[in-house]
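The values are calculated or read from the model by the stated rules, or taken from the named source; none is laboratory data. Every value quoted in this text rests on a predicted model; they were computed, and no experiment measured them. All Cβ positions, glycine included, derive from the backbone under ideal geometry; neighbour counts span all protein chains shown.
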Amino acid sequence: MNIDDLVSTSGEWMKGSGPESDIVISSRIRLARNLADFPFISRTTESDRAEIEKILGGRIAALREAKNTPLETFYVNVGDLEEVDRQFLVERQLISREHADSDGARAVAIDCAERFSVMINEEDHLRFQVMHSGLDLESAWQKINELDNLIEEQVTYAFSNKLGYLTACPTNVGTGLRVSVMLHLPALVITRQIEKVFKSLQKINLAVRGLYGEGSQAMGDFYQISNQITLGMTEEELSKKVSDVVPVLIDYERQAREFLVRESQETLHDRVSRAFGILRTAQTISSEETMHLLSSVRMGVNLGLIGELEIPTINKLFIHTQPAHLQKLSGSELEKFDRNVERASYLRRQLNADKPGDSSQN
């Protein structure tokens, strides 16, 4: 299996099949680990990074071949990839933007079903991440704990009896755990309650980030909620802290949607219908506008205002209309203007697939 095999699929975390998936897109748990015998990445030499990649890549390969280990992955040398392929993996959330843009030996082991990935030589020597559809942090924790144990049997981690696992960033010291949930919150944005919600989260040390994590914008009304610190708390306590607040956010979003339906149904229906109409007929459209319009359409599907679409289809369009995905799907590199034209064409094909005689496809 290789990257090209992922192009036509959507990935486990975008299937829309998990609990509370009308609002919760995905649950993700990440672990940061470092090898005891090497300095942190910021202080490594090129030969250090190459040796780290060789050691960890070899351990993962051995686990993949072991008959008693359910590790079905394929291995990618990120440094050898073309820019569009690196961006493709970022859009897929299989690697971070920092991992894509950095230098030196680095790699990623990707689960064939995209339920997890293991980054080598990102900010830390190892970054595990497990992603599940919907609100499913418990299962994600069980899986990442299993992966961590498998690797820890093969190598020696940098660990302090006083501080716990040692990491490049001080905020990750301790458990090295980052628990995050991606939420779709369009009604809170429309009703202008989103900033009040964010301020409440910051007071309890929960971070709010955009679709692609730290430093990214909240495109399409997607927000990642995660813990800010790991020191002084157990893995279970960190997971529970996020798990306890997410149902409250879900309730706020549902109340906001009910308010919109009750108090401004015609305006809401018009908003959703216009968004759907533009996506089905546009001749050129940017990635940002697409995300904004798909957000309205996704809410409309969940509220029963659009009957002919399913959530997994909308989720797929969020990803497949991103720049690298478009280029991979078209089989060629495209400049920005050409991507906007190709994106509109792709949307028309997908959203008018059940109407072969529709002139908007031409």
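Before moving on, here are some points about what is shown:
- Selection count, segment 75-97, where residues are in a loop (DSSP other than H, G, I, E, B) and within 25 Å of HIS132 (Cβ to Cβ): 5
- Restricting ILE314, ILE306 to residues that are of a type in the set (A, V, I, L, M, F, W, C), modelled with pLDDT under 95, over 30 Å from GLU82 (Cβ atoms) and crowded, with 18+ Cβ neighbours inside 10 Å narrows the list to ILE306.
- In segment 36-57 there is at least one residue matching the filter, namely being over 27 Å from ASP85 (Cβ atoms) and in contact with a strand residue (DSSP E or B) (Cβ under 9 Å, 6 or more places away or on another chain).
- Tally, over segment 223-249, of residues that are small (Gly, Ala, Ser), surrounded by fewer than 20 Cβ atoms within 10 Å (Cβ to Cβ) and outside any helix (DSSP H, G or I): 1
- Residue match in segment 41-54 (condition: touching a Ser or Thr at 6+ places or on another chain (Cβ under 9 Å) and within 13 Å of ASP124 (Cα to Cα)): yes
- ASP5 being among the acidic types (Asp, Glu) and either surrounded by 17 or more Cβ atoms within 10 Å (Cβ to Cβ) or part of a loop (DSSP other than H, G, I, E, B) (or both): no
- Selection of strands (runs of 3 or more DSSP E) fully inside segment 124-222 by the criterion of at least 2 residues being β-branched (Val, Ile, Thr) and touching a residue at least 24 places away in the same chain (Cβ under 8 Å) returns 177-184.
- For GLU235: the one exception among (1) in contact with an Asp or Glu (Cβ under 9 Å, 6 or more places away or on another chain); (2) assigned by TED's automatic domain parsing to the domain that holds SER21: (1)
- When we screen PHE116, PHE88 for residues that are closer than 22 Å to SER243 by Cβ and crowded, with 23+ Cβ neighbours inside 10 Å, the only hit is PHE116.
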